[in-house]
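Only one structure is covered here, and it is reproduced in the block below.
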Amino acid sequence: MNNTPRFRVRTLFLIVYLVFAMLPIYWMVNMSFKTNQGILSSFSLLPKNFTWDNYVTIFTDPSWYNGYINSLTYVALNTVMSLAVALPAAYAFSRYRFLGDKHVFFWLLTNRMTPPAVFLLPFFQLYSTLGLMDTYWAVALAHLVFNVPLAVWILEGFMSGIPREIDETAYIDGYSFPRFFITIFLPLIKAGVGVAAFFCFMFSWVELLLARTLTSVNAKPIVATMTRTVSAAGMDWATLAAAGTLTIIPGAIVIWFVRHYIAKGFAMGRV
Amino acid sequence: MNGSTKPVNQKAWWLILPVCLCVAFSAVLPLMTVVNYSVQDVISPTRSVFVGTEWFTAVMRDEELHAALLRQLMFSLSVLAIEIPLGIGLALSMPAKGWKASAVLVLVALSLLIPWNVVGTIWQIFGRTDIGLMGRALSMMGIDYSYASNPTQAWLTVLLMDVWHWTPLVALLAYAGLRSIPDAYYQAASIDGASRLAVFRYIQLPKMRGVLMIAVLLRFMDSFMIYTEPFVLTGGGPGDATTFLSQYLTQKAVGQFDLGPAAAFSLIYFLIILLFCFILYNWMLRVGTQDKRSGHE
C-alpha cells in the first residue's frame with residue numbers, strides 16, 4: 001500500500017485540489033479586509049491597508065445585521081419544526097410496517113428533489129392569501145418542503161441502527177411510549193438528531209430563491225440583502241465580500257462537530 | 001426500510017400523520033395550484049377560461065424551452081463526467097486516520113456549506129479581470145477572458161464553479177464507502193501480490209458502487225435544478241448561454257407572469273424529476289439492505 005512514489009503523487013493531487021478549493025474563498029476574505037479604492041486601484045495578494053471597516057459597517061448598519069438576524073430566526077424555526085414532526089415519523093418507518101409505508105417514504109423523497117422554482121408561484125399566492133408574506137413563518141414553512149423529508153430519511157437511518165430489543169424491554173418494564181421515547185430512545189440517537197438538525201440548518205441557510213421571493217422588508221434574509229447590493233449601481237465590493245465571509249462562518253464552525261457524519265447526511269442516512 | 005422482521009402496525013400511521021399534514025400543506029396544496037393553472041388561461045384575477053391541454057402543447061413546441069433543456073442536459077452530463085472521477089480520485093488520496101484526516105475532511109466539505117448565492121458572489125469576484133485573481137491571471141496569460149460577454153467562457157465558468165462547489169459531495173460519499181472496507185481485504189490482496197489497479201478495480205470500486213450510484217443520481221438531480229449560482233454569476237447570460245431550466249421557469253413565472261405555460265412547464269419538469277427519484281429510491285433501498293446483509297456476515 002505505502003510504496004513511496006505512489007504516496008507522493010496522491011499527496012500532491014490532494015494539495016493541488018485543496019489549493020483550488022481554497023483560492024476563491026481566500027480571495028473573498030482578502031477583499032473583505034480592503035477598502036473599495038484599494039480593491040479597484042491596486043491588485044495585491046494581501047491587503048495593503050488592512051481595515052476592519054467593512055465588518056464595522058455590517059455590524060452597525062441595521063439593514064445589514066438584521067439580515068443575519070432574520071436568516072437565523074427562520075432557520076431556527078424551520079429546524080425545530082422539521083425535527084418535531086420528523087422524529088415520530090422516522091420512528092414509525094424504522095420500527096413498523098403499515099399500509100402504504102413504502103409509498104409515503106417515496107413521496108417524501110420526491111419533495112426533497114422537486115425544484116423550488118416549481119413551488120415559487122403557488123407559495124407566493126398561498127402565503128399572500130394567509131397573510132404570511134414577509135414573515136419568518138412563510139420562509140420557515142416553505143423550507144419544510146425539502147427539510148422534513150431529509151430529516152425523516154437521516155433519522156430513519158440512525159434509528160434503524162438501534163436494536164428493537166431495547167424498545168421491547170422498555171415496554172415490558174412498563175414504560176409508556178412517550179416516556180420511553182424521550183428518556184431512553186432520544187439519548188440513544190443523539191448523534192442522529194444532531195446531524196439531522198445540522199442538515200436542516202444548512203439547507204435552510206443556503207437557500208435563496210424561496211427566501212427571497214417570500215420576503216420583502218421585515219424578514220429579508222441576508223442572502224437577499226446581498227443580491228440587492230449586487231444589482232445596485234456602483235458595486236460595494238468590499239462590504240459584499242465581508243458579508244459573504246460572515247455567511248461562511250456558522251457552517252465552518254458547526255462542520256467540525258459533524259465531520260464524521262457529513263457523508264451519511266448527504267446520502268440521507270444510506271451510507 | 002428493509003423489514004421482513006418488522007411487525008405490521010397500522011397505528012404507526014398516527015406517528016407519520018404530522019409529517020403528512022406538514023408536507024401536504026407545503027407541497028400538495030401548491031402543486032394542485034400548479035395543476036389548476038396549467039389547464040386554464042388566467043385573463044384577470046377574477047376571470048379564467050378552461051383551455052385543456054393547450055399549454056402543454058405550446059410548451060412542448062417551445063423552441064426556447066428545447067434549447068434550455070438541451071443546455072441543461074449538456075450541463076448535467078458534463079458535471080457528472082468531471083465530478084465523479086475527480087471525487088473518486090480525491091477520496092482515494094484523502095488520509096484515512098488522525099488529525100490530518102479530520103482537517104482535510106473539514107476543508108474539503110467547506111464549499112458545501114456556503115450559501116448558494118455567496119458561491120455565485122465568490123466566483124463573480126474571483127473571475128473578474130479587474131479585481132479577481134483568476135480573471136487577472138487568465139488575462140495576464142494572454143487569454144481574452146470575460147464570463148460576462150463570451151458565451152463559451154461563461155458556460156465554462158459556471159461549470160468550473162459547480163465542480164468547485166459540489167465535487168466534495170462525491171468525494172465525501174466515496175470516502176465513506178472506502179472506509180467501510182475491512183483491512184483484511186487489503187491484506188489478502190497484498191498476499192496475492194495484487195497491483196494497485198487490481199485493488200481498485202476488484203475491491204474498492206465494487207465496495208463503493210452503492211454510494212457512487214447515490215452520488216451520481218444526487219448530482220444529476222441537483223444540477224438539473226441549479227438556479228442560484230448562475231443567477232448571481234451570469235444572470236443566465238450572455239444572451240441565454242447559461243439559462244438552465246429553473247432559470248427559464250422563473251423568468252416565465254415571475255418575470256413575465258405567464259401563469260399557464262409556466263405551470264404546464266412546472267409539471268413536465270416535476271415528472272422528469274419524479275422519474276429520476278424513482279430510480280434513486282430503489283437504489284437507496286438496495287444499498288441499505290446490502291449494508292445490513294454484509295454487516296451480519
Item checked: Criterion: under 30 Å from A:L45 (Cβ atoms), at pLDDT 85 or above and open to solvent by 20 Å² or more (accessible area, probe 1.4 Å) - qualifying residue of B:L205, B:L197, B:L160 -> B:L160
Next item on the list: Select from segment B:248-297 the residues that are modelled with pLDDT under 75 and not in a helix (DSSP H, G or I) and write down the one among them that is farthest from the other protein chains (Cβ to nearest Cβ).
Entry: B:E297
Note to self: Can you pull out every residue in segment A:126-142 that is more than 7 Å from chain B (Cβ to nearest Cβ), hydrophobic (A, V, I, L, M, F, W, C) and open to solvent by less than 10 Å² (accessible area, probe 1.4 Å)?
What the structure shows: A:A138, A:V139, A:A140
Check: Residues in segment B:7-23: is at least one more than 8 Å from every other protein chain (Cβ to nearest Cβ), small (G, A, S) and out of contact with any Lys or Arg (no Cβ under 7 Å at 6 or more places or on another chain)?
Finding: no
Item checked: Complete set of residues in segment B:83-103 that are in a helix (DSSP H, G or I) and within 18 Å of B:M208 (Cβ to Cβ) -> B:E83, B:I84, B:P85, B:L86, B:G87, B:I88, B:G89, B:L90, B:A91, B:L92, B:S93, B:A101
Next item on the list: Show the residue pairs that are 6+ apart or on different chains and have beta-carbon atoms under 8 Å apart, the first residue being within segment A:207-226 and more than 7 Å from chain B (Cβ to nearest Cβ), the second being open to solvent by 10 Å² or more (accessible area, probe 1.4 Å) and of a type in the set (K, R).
Entry: A:P221/A:R212; A:A224/A:R212
Margin query: Based on this model, can you work out whether A:F59 counts as at pLDDT 85 or above and within 8 Å of another protein chain (Cβ to nearest Cβ)?
Written below: no
Margin query: Quick check on B:L17: is it aliphatic (A, V, I, L, M), over 21 Å from A:L108 (Cα atoms) and open to solvent by 50 Å² or more (accessible area, probe 1.4 Å)?
Written below: no
Notebook entry, point to check: Listed residues B:L249, B:L245, B:L275; which is surrounded by fewer than 21 Cβ atoms within 10 Å (Cβ to Cβ) and not hydroxyl-bearing (S, T, Y)?
Noted result: B:L275
Next item on the list: With a cut-off of at least 1 residues that are farther than 23 Å from A:F123 by Cβ and touching a helix residue (DSSP H, G or I) at 6+ places or on another chain (Cβ under 9 Å), name the helices (runs of 4 or more DSSP H) lying wholly within segment B:1-73.
Entry: B:12-23, B:54-61
Next item on the list: Report whether or not A:L155 is surrounded by 18 or more Cβ atoms within 10 Å (Cβ to Cβ), in a loop (DSSP other than H, G, I, E, B), out of contact with any Ser or Thr (no Cβ under 7 Å at 6 or more places or on another chain) and not small (G, A, S).
Entry: no
Next item on the list: Output the number of residues of segment A:89-107 satisfying the condition of being of a type in the set (A, V, I, L, M), open to solvent by less than 40 Å² (accessible area, probe 1.4 Å) and within 7 Å of chain B (Cβ to nearest Cβ).
Entry: 3
Item checked: Residues being touching a Leu at 6+ places or on another chain (Cβ under 9 Å) and open to solvent by 50 Å² or more (accessible area, probe 1.4 Å) - total across segment B:122-143 -> 2
Checklist line | Failed item, numbered, when B:W166 is tested on (1) modelled with pLDDT of 90 or more; (2) in a loop (DSSP other than H, G, I, E, B) | finding: (2)
Margin query: Filter segment A:111-125 down to the residues that are free of Cβ contacts under 8 Å to residues at least 24 places away in the same chain and open to solvent by 10 Å² or more (accessible area, probe 1.4 Å) and list them by number.
Written below: A:L121, A:Q125
Next item on the list: Among what's in segment B:212-247 and is of a type in the set (G, A, S) and not in a loop (DSSP other than H, G, I, E, B), pick the residue that is nearest to the other protein chains (Cβ to nearest Cβ).
Entry: B:S246
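The values are calculated or read from the model by the stated rules, or taken from the named source; none is laboratory data. Note that the structure is predicted; figures quoted are calculated from it, not measured. When we count neighbours, we look across all protein chains shown, and the Cβ atoms used for this are built from the backbone with ideal geometry, even at glycine. Ligands, DNA and RNA are stripped out before the accessible areas are found, and what is left, the full protein with its side chains, is counted by its heavy atoms. Shrake-Rupley method; radii C 1.70, N 1.55, O 1.52, S 1.80 Å.
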